[in-house]
Structures are given as structure tokens and as C-alpha cells.
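Below is one structure, written out as C-alpha cells; comments come after it.
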Amino acid sequence: MSDSIENPDRRLEFLHAQQASAWVQVLLDPTAEQRAAFVKWLKDSPRNVRDFLFMLTIEQGLEHLDAHRVHDIEALLSQADGRVVPLSGALPRAPASGTPTSRGQRAFLRGAHLRRPRRWIAVAATAAAAFLVVWTFLAREPHGWKEFATATGEQRAFDLEDGSVIHLNTHSRVALRFAGQTREVRLLQGEALFRVHHDAARPFRVYTSDAVIQAVGTQFDVYNRPEGTEVAVIEGRVSVTPEAHPALARFNVPAASVHEDPKTRSVGASEEARIDRGGVLSVRAAPDVSDAVAWRERRLVFRQETLAHIVAEFNRYNARQIRLQGADVATRVFTGVFDADDPDSLAQVLARDSSLSVSYSDRAIVVNTR
């Protein structure tokens, strides 16, 4: 059957429902750690907000069933038809960190018969509604486009109407428009990882100020940097065309046919493409392509990068900025892996260099030559 839970998409839908229903029960009497984990879960995706509010509505409806406690729920469950298969046995397990266990799912079935403090449920519902309002505000539509943005240090995941997902990195902004036979995204600023739902009849195009990236069903990262556009393909294949569209600033994207452009290059999994501001396109093998999406784990990976580039990346994530002063400091080259939220870790490495001086204040870290 097409709707079987063996279908990966269906399995994912059931998993989302399980997590949401379990959170409803956990929040009847949560610990401080669980409250923090719940807020983080809400921030991960607007889908989590919708699922939680939906499951909360069901929970409130169940409160009115069997109000006089006439029926024994466990006894009724034991008499269930043998053809009924528990979802918990057919679905992948939820992540252990900060997420309710399958015990929460059983508690959900008994929800109408439990009497627990409900104050934090009301708080959680208010928080979820607030997140929904924020996402609605971010998804404003100028001329048919929806715009999404993140602030400094923030990362967000957005579920699109076609089943695709956009993971938006810190200090980034995208606009998207789905119409007719096209799916178009404008990366206005920063970086995004795209997990594209397969649809051969509707090409998925990402536009930057100097490139067009087209995919049908794949996963790839696009970084709109000051020096140009970088594309890293995690799986599948994309077409990349060096093509500047000044009108993109007004979201007036032309209906380009990138396959007909002789400059178009095909870029496959574990490959990276770079397009500079002059329109020069280069493609290279990238066995370490996972480095390009290490930001999803709040890690920054640098391989023979200039200090100017390293500092620019740290400053995207942190209110406390790093400033470079002195001759030749910015052009020095370093390799390393850092926590994106810990600029002090970079400062400590630089302080070991006898030719550099590092000074600290509440708002900045200044690196200079001695």
C-alpha cells in the first residue's frame, strides 16, 4: 500500500506525531532540563510547532472522554484486534537526547485518566503559538515570494510545501516562490543547506548574485560569500551556471533554462563548485565535503584558510566580534576545527603565536602584531 508506514515519508510523519504527543505528556510536570529541551525542539522547525499544537488539541479533547472513569483503558487495549500493530514497534526510535521516550506514547493513550499539574502545558501552548506567529511574520510574501531569515548565532529548519527542507545557517536570508512548474529560491545572504524532494516535473533552482544552481532531488549546500558563490553537493547531482541577475535584488527572477547554457557544469556528490564575482566557474573533488555542512553541528572546519576568512566565519555566529589589526595578520593561513560559539578558542590558539598579541574586552577580541 502506498500509505504504508514502510514508506520513509510516512514513517517520518509518524515519528513527528510520536514526538509531539510525548512532549504533551512530559510537559504536564517537566523538569528544567526538559523545558529547555522542549523550547529547543520547537525552534528546530515550524512543523514541530504545528504538530505540538495539534496533539495538544487531541489531549484536551480526550479529557472529556469517560469523565467518570467507567472504563479501564488497559483492559480495553488488551482486547484490541490482533491485526492492530503498535506504532512504537514499526517506527524508528526517537533521539534519546532531550526527547521523550516511548513510555510517553503509552502515557498519551492514558492521558484522559491522569491527573497531573497542567500549568506548564498552558505556558508551552503559549510559547508554541508565539513561535508560530514569529514564523508567520518571517514568511511574509513580497510579490508572491516568501522570505525567511536568521539572526546572528541562529540556525533554523524550514519545511517547504513540496516536502523539501531548507536548513538556514546563522545570519542568512532566503526568499522562495513555488509557482506552476518551478520551485525557485533566492539566497539573499549567507548559507543554506537544501534537501530537495524529488520532482522531475518541477526543477528546484537556487539563485545567488552570480550563479544558478538547479536540482531535481538531492542535498546540497550553497554559501553566498562576498568573494562569490560556493556549492557543495552532499548527495545526488546539481547543475551550476555562472549567471548574474541584477534584477534578483527585487526578486524578479527570469525563467532561465540552465541546461541550454553552454557554461553549465554538472556537479555530483562529494564535489564542490566555486563561482567568483567575475563569473569564473571551477569544480573540484571534495572528499571532505562533510566539512561544508559541519555548521549544522555548530562546528567550523578550516583547511588552509586565511585568518580573515576564519574571523569572518566566527563573527557570523557571535555578538562578541573578533577584530584584526596590523600588517599581514589577515593573510596568515591556519587549519583547525572549532566550536562556532566559542571565539575564545580561536583567540587561545592565536595567543600561542609569539608574533601576535591578543587583547580582550566584553564586546571584542582584538588580534594585532607585536
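The values are calculated or read from the model by the stated rules, or taken from the named source; none is laboratory data. Remember, predicted model here, so these are calculated numbers, not experimental data. Positions of Cβ are generated from backbone atoms using ideal geometry, with glycine treated the same way; all protein chains shown enter the neighbour counts. Accessible surface areas use protein heavy atoms only, side chains included; no ligands, DNA or RNA. Shrake-Rupley method; radii C 1.70, N 1.55, O 1.52, S 1.80 Å.
Of everything in the range 269-286 that is among the small types (Gly, Ala, Ser) and in a strand (DSSP E or B), the residue that is nearest to the chain's Cα centre (by Cα) is Ala273. Of the residues contained in the range 303-313, one or more are found to be of a type in the set (S, T, N, Q) and either under 20 Å from Gly190 (Cβ atoms) or in a strand (DSSP E or B) (or both). For Ala319, the conditions (1) at pLDDT 90 or above; (2) open to solvent by less than 60 Å² (accessible area, probe 1.4 Å); (3) among the aliphatic types (A, V, I, L, M) are fulfilled apart from (2).
Going by the conditions given, is Ile310 open to solvent by less than 50 Å² (accessible area, probe 1.4 Å) and under 26 Å from the mean Cα position of the chain (by Cα)? Give the derivation first.
Numbers: open to solvent by less than 50 Å² (accessible area, probe 1.4 Å): yes; under 26 Å from the mean Cα position of the chain (by Cα): yes.
For Ile310, the condition - open to solvent by less than 50 Å² (accessible area, probe 1.4 Å) and under 26 Å from the mean Cα position of the chain (by Cα) - is met.
Residues of the range 348-366 that are closer than 11 Å to Gln321 by Cα and either open to solvent by less than 50 Å² (accessible area, probe 1.4 Å) or acidic (Asp, Glu) (or both): Asp362, Ala364, Ile365, Val366.
Name the single residue that is most open to solvent (accessible area, probe 1.4 Å) among those in the range 20-41 being in a helix (DSSP H, G or I) and closer than 15 Å to Leu56 by Cα. Please lay out each step first, then the result.
Our first condition is that a residue be in a helix (DSSP H, G or I); within the range 20-41, this holds for 20-26, 32-41.
Add one more test, that the residue is closer than 15 Å to Leu56 by Cα, and what stays is 20-26, 38.
Numbers: Ala20: 0, Ser21: 6, Ala22: 0, Trp23: 5, Val24: 0, Gln25: 7, Val26: 31, Phe38: 1 Å².
Filtering first and then ranking leaves Val26.
Checked against (1) under 25 Å from the mean Cα position of the chain (by Cα); (2) touching a residue at least 24 places away in the same chain (Cβ under 8 Å); (3) open to solvent by 30 Å² or more (accessible area, probe 1.4 Å), Val289 meets all criteria but (3). How many residues are without any contact (Cβ under 8 Å) to a residue 60 or more places away in the chain and under 32 Å from the mean Cα position of the chain (by Cα) when one looks only at the range 341-359? Within the range 341-359, residues that are without any contact (Cβ under 8 Å) to a residue 60 or more places away in the chain and under 32 Å from the mean Cα position of the chain (by Cα) number 9.
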